[in-house]
Amino acid sequence: MSTKMLQTPSQTVGPYFAYGLTPKQYGYDFKNLTTNILESVLEGKEIITIKGKIFDGENKVIPDAMIELWQNDGEHNFFGRFGTGSESDSHFAFQTIKPNSVDGQAPFVTLIVFMRGQLIHSYTRFYFSDETELNKQDLVLNSVPAERQNTIIAQKKDSCYEFNIYMQGENETVFFEV
């Protein structure tokens, strides 16, 4: 006899992730499962810092989101996690290596946003403002309308790349269905 399975109803993704995934953000005295410093001991690689904030539809900073970062430099995979409430000004920050072009794609970093009120997490990626020629050839970036591409380009400022995420509104970041 076969039983028809029904879909389980959705629940919001946060803020319940904090206890186990970003304990520092909420003052818990637990060790984080992963870190926001990803560069390890790779010689000859360009170490970069990625910083940004997450904004709601009213351009207010979201202080209790969680960001997961994934990147591939062609040789290694990197994964990190950071809670926006871990710093007093509610920014996220990752220290990693700058990714290479892999399989004809421009260098990019994938980010997953978890936050209160979302029924499912949001996926985006960002490209680097100083990779203009490779960005022009990237199929995923060029599938985004030209007037929206700036929402997924991290701007280089000194030795840091700044990438702000806008969840709604005029500057809404492009999110991808994965």
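Since every read-out is calculated from the coordinates, none of them should be taken as a lab result. This structure is a prediction, so every number in the text was calculated from the model and none was measured.
Report the gain in length on full extension from Val178 to Val140: 0.36 nm times residue separation, minus Cα-Cα distance, nm rounded to one decimal. Show your work: numbers first, answer last.
On the way: separation 38, 0.36 × 38 = 13.68 nm, distance 1.26 nm.
Once the chain is fully extended between Val178 and Val140, it gains 12.4 nm.
If the cut-off is a Cα-Cα distance under 13 Å, which aspartates and glutamates reach Lys156, setting aside same-chain residues fewer than 8 apart in sequence?
Straight-line reach from Lys156, under 13 Å: Asp130, Glu131.
Over the stretch 130-178, what portion of Cα pair distances is larger than 16 Å, expressed as a whole percent? Working shown, then result.
On the way: 534 of 1176 pairs.
Value for the stretch 130-178: 45 percent of Cα pairs lie more than 16 Å apart.
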